[in-house]
Amino acid sequence: MTDQRFTELLGKQLAGDISADESMELKSLLENHAALNKEYQLLQNYLESETEEEANIEVVFDRIKSQIQAPAETRLKVLKSKRFLWLRVAAMVAIVSGAILLYYREVLFSDDSSRLVLVKAQTKAADIRTITLGDGSVVKINAASLFRYPKKFSGDNRNVYLSGEAFFDVKKDPQHPFIVHTEKMDVQVLGTAFNVKNYPDDDFAETTLIRGKVEIALKNGDKQPFTLRPNDKFTLVDGKGQVSQTESGGVEETAWTSHELVFKNKNFDQVSRLFERHYDVKIYFKDPDLKKMEFTAHFTKENINEALDALKFIENFNYSIKGKNVYIFR
């Protein structure tokens with residue numbers, strides 16, 4: 001009954017229909033029920049993180065409403081408007097419920113150290129962020145990445161979660177291994193410096209070791225771990241892992257930590273994804289064959305125009321830029 005009342009009061013608050021007494025009742029429910037308070041905070045975070053595109057939808061909706069002739073039966077209009085608003089409220093509550101289910105599923109199927117509330121550190125395109133974890137380890141997060149970690153580590157392992165790319169300088173603690181969980185692999189260390197790259201839109205994942213020692217366990221059923229030594233690079237493509245020596249001692253893989261771009265023999269498709277994250281743009285190829293062009297380059301402070309102009313000296317192509325959209329053509 002409490003859950004039903006909470007949903008009703010939450011809906012009224014979102015719809016702007018809540019009375020002073022009901023507002024006090026909602027506040028009391030949140031103070032006395034931790035689970036309900038967690039749902040409420042998740043909804044607040046969702047609303048606060050609303051994207052610019054989503055916000056614009058509201059502007060468009062209001063503009064359309066202002067252009068509609070008021071019908072003769074005013075009360076019918078109010079009822080329909082409220083019904084529409086309540087449907088939106090129900091949709092938001094459904095989103096929160098889904099998030100809660102995902103949260104508790106992760107809790108049930110993870111070890112003790114991940115049962116803590118995880119802090120979320122998310123970077124946008126062209127953004128790099130550095131954070132210090134509770135154990136003193138330092139993590140530098142590359143653009144367009146999501147990193148989750150507990151405020152304070154507990155249990156046998158130090159578990160963190162990454163989608164995207166990050167460089168780790170881990171404090172040594174042999175009794176508590178540090179494990180980076182990604183979609184395709186887990187990277188376990190005791191104390192070391194290494195780079196992990198696993199973007200959802202890339203067809204590969206990789207780990208480059210700068211110093212120390214790491215062990216990589218795949219999530220595709222392959223039980224044979226991969227052990228890396230300094231200057232080793234692990235690459236996972238189509239479920240198959242391979243260890244090789246880095247030619248530059250990890251300079252290419254970690255250049256982004258200094259806001260630089262370094263790549264060697266990368267095709268234009270791969271380079272375009274690097275540019276999208278580094279310059280906060282979206283690149284479109286009008287001719288798919290252009291994606292096959294290969295480039296080697298090192299950019300430091302160049303802007304997107306200067307970088308593309310430099311690549312034009314290597315291969316024959318043209319480009320145009322409209323806002324944040326870049327079009328590549330012959």
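None of the figures in this text is laboratory data; all of them are computed from the coordinates on show. Computed from a prediction, not measured in an experiment: that's the story for all the values here. Glycine also receives a Cβ, built like all others from the backbone with ideal geometry; neighbour counts cover every protein chain displayed.
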Response to the item:
The simple spin-label model distance between Ala126 and Thr296, using points 7 Å out along Cα→Cβ, in nm, is 3.0 nm
Item to complete: Figure the gain on full extension for Glu306 and Lys219 (residue separation times 0.36 nm, minus the Cα-Cα span) and round it to one decimal in nm.
Response: 27.3 nm
Response to the item:
In segment 118-248 the DSSP beta bridges are antiparallel at a rate, in percent to nearest 5, of 95 percent
Worksheet, complete the sentence: For segment 260-329 the translational diffusion coefficient, Stokes-Einstein from a Kirkwood Rh over Cα pairs at 4 °C and viscosity 1.567 mPa s, in µm²/s, is roughly 108 µm²/s
Worksheet, complete the sentence: Final fewest-first order of Tyr161, Tyr149, Tyr327 on the 10 Å Cβ neighbour count is Tyr327, Tyr161, Tyr149
Practice prompt. Order by neighbour count: Thr227, Thr207, Thr182, Thr7, fewest other Cβ atoms within 10 Å first, most last.
Written response: Thr227, Thr7, Thr182, Thr207
Worksheet item: Amide H to amide H, which residues 5 or more places from Glu260 or on other chains are under 5 Å from it, using H placed in the peptide plane?
Response: none
Discussion item. Kirkwood Rh over alpha-carbon pairs of segment 190-330, then Stokes-Einstein at 10 °C and 1.306 mPa s: what D in µm² s⁻¹, rounded to an integer?
Written reply: 96 µm²/s
Worksheet item: Taking the simple approach of a point 7 Å from Cα along Cα-to-Cβ for both Ile321 and Asp186, what is their distance in nm?
Response: 4.4 nm
Response to the item:
Once both label points are put 7 Å beyond Cα along the C-beta direction, the Ser248-Asn265 separation in nm becomes 1.4 nm
Worksheet item: Order of Phe226, Phe204, Phe194 from fewest to most other C-beta atoms within 10 Å?
Response: Phe204, Phe226, Phe194
Discussion item. List residues of segment 117-156, by number, whose backbone nitrogen lies under 11 Å from a label position 7 Å along Cα→C-beta of Lys38.
Written reply: 117-118
Worksheet item: If you take every DSSP beta bridge whose two residues both sit in segment 179-330, what share of them, in percent to the nearest 5, is antiparallel?
Response: 90 percent
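So which of Lys124/Lys264; Lys124/Lys291; Lys124/Lys286; Lys197/Lys291; Lys151/Lys322 end up more than 30 Å apart, counting from Cα to Cα?
Lys151/Lys322
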